[in-house]
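K.L.:
Have a look at the structure that comes next, please.
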Amino acid sequence: MKRVITYGTFDLLHYGHINLLKRAKKLGDYLVVVVSTDEFNWNEKNKKCYFTYEERKAMVEAIRYVDLVIPETCWDQKRQDVVNYKIDTFVMGDDWKGKFDFLSDLCEVVYLPRTPEISTTKIKADLK
Ligand code: C2G
């Protein structure tokens, strides 16, 4: 049973997120998705989410590729998460390329190409 983990905000969920989760799941059998809480987003990422953590969690849980959703409350919980959830593969979009290589003593670290033409920022701008 290969266990995969990935992190994100997943606000205004779109097909770029789904593409990432689909490819992440293909790397194993069980996918843990760590969704940033509202406090973490506001304090650490300066992101004001449109949907609350509970709403974003429910939407991510509804995705067929996702097996478990847990909260992301701080930047440095990743090592503990990898250990606690017995993770084999850590996956992020390549906008994060290199940022999590420090985990490679614990698990495989994989950066997948982002879906280029879509982003929450673009959605908000287009809707304006
Ligand atoms: N993503 C993608 N293609 C897009 C947009 C996003 O592949 N067009 C990927 C990102 O690379 C990331 C995941 O989808 O791997 C979630 O994206 P965000 O919700 O923007 O997550 P982010 O704010 O980068 O938070 O500790 C890590 C952070 O929680 C990551």
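K.L.:
So which residues in segment 27-59 are at pLDDT below 95, within 23 Å of residue 4 (Cβ to Cβ) and in contact with a Leu (Cβ under 9 Å, 6 or more places away or on another chain)?
P.N.:
Within segment 27-59, none qualify.
K.L.:
Moving on. Just checking, which of 26, 45, 78 is among the basic types (Lys, Arg), within 11 Å of the ligand (Cβ to nearest atom) and over 26 Å from residue 127 (Cβ atoms)?
P.N.:
It is 78.
K.L.:
Condition (residue is farther than 22 Å from residue 26 by Cβ, more than 13 Å from the ligand (Cβ to nearest atom), at pLDDT 95 or above and not acidic (Asp, Glu)) applied to segment 83-91: is it met by at least one residue?
P.N.:
Yes, some residue in segment 83-91 is farther than 22 Å from residue 26 by Cβ, more than 13 Å from the ligand (Cβ to nearest atom), at pLDDT 95 or above and not acidic (Asp, Glu).
Here's the yes/no breakdown for (1) closer than 14 Å to residue 16 by Cα; (2) without any contact (Cβ under 8 Å) to a residue 40 or more places away in the chain:
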| position | (1), (2) |
| --- | --- |
| 73 | no, yes |
| 86 | no, no |
| 90 | no, no |
| 96 | no, yes |
| 104 | no, yes |
| 110 | no, no |
| 115 | yes, no |
| 118 | yes, no |
| 124 | no, no |
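K.L.:
Could you check how many residues of segment 29-42 are of a type in the set (Ser, Thr, Tyr) and either part of a helix (DSSP H, G or I) or more than 13 Å from the ligand (Cβ to nearest atom) (or both)?
P.N.:
Total meeting the criteria: 1.
K.L.:
Within the set of pairs 6 or more residues apart or between chains, which connect a residue that is closer than 16 Å to residue 33 by Cβ inside segment 43-63 to a residue that is part of a helix (DSSP H, G or I) with Cβ atoms less than 8 Å apart?
P.N.:
49/38; 49/41; 49/56; 51/59; 53/38; 60/21; 63/18; 63/21
K.L.:
Kindly evaluate residue 72 against the criterion of being touching a strand residue (DSSP E or B) at 6+ places or on another chain (Cβ under 6 Å), closer than 19 Å to residue 47 by Cβ and not polar (S, T, N, Q). Walk me through how you get there before you give the answer.
P.N.:
Values: touching a strand residue (DSSP E or B) at 6+ places or on another chain (Cβ under 6 Å): yes; closer than 19 Å to residue 47 by Cβ: yes; not polar (S, T, N, Q): yes.
So residue 72 fits the description; yes.
K.L.:
With of a type outside the set (A, V, I, L, M, F, W, C) and either closer than 17 Å to residue 100 by Cβ or within 13 Å of the chain's Cα centre (by Cα) (or both) as the only criterion, which of 64, 56 stands out?
P.N.:
Numbers: 64 fails: either closer than 17 Å to residue 100 by Cβ or within 13 Å of the chain's Cα centre (by Cα) (or both).
Exactly one of 64, 56 is of a type outside the set (A, V, I, L, M, F, W, C) and either closer than 17 Å to residue 100 by Cβ or within 13 Å of the chain's Cα centre (by Cα) (or both), namely 56.
K.L.:
Could you tell me which numbered condition residue 17 fails, if it satisfies all but one of (1) more than 8 Å from the ligand (Cβ to nearest atom); (2) in contact with a Gly (Cβ under 9 Å, 6 or more places away or on another chain)?
P.N.:
(1)
The values are calculated or read from the model by the stated rules, or taken from the named source; none is laboratory data. From a predicted model like this one, the values you see are computed outputs, not experimental measurements. Cβ: placed from backbone, ideal geometry, glycine included. Neighbour counts: every protein chain shown.
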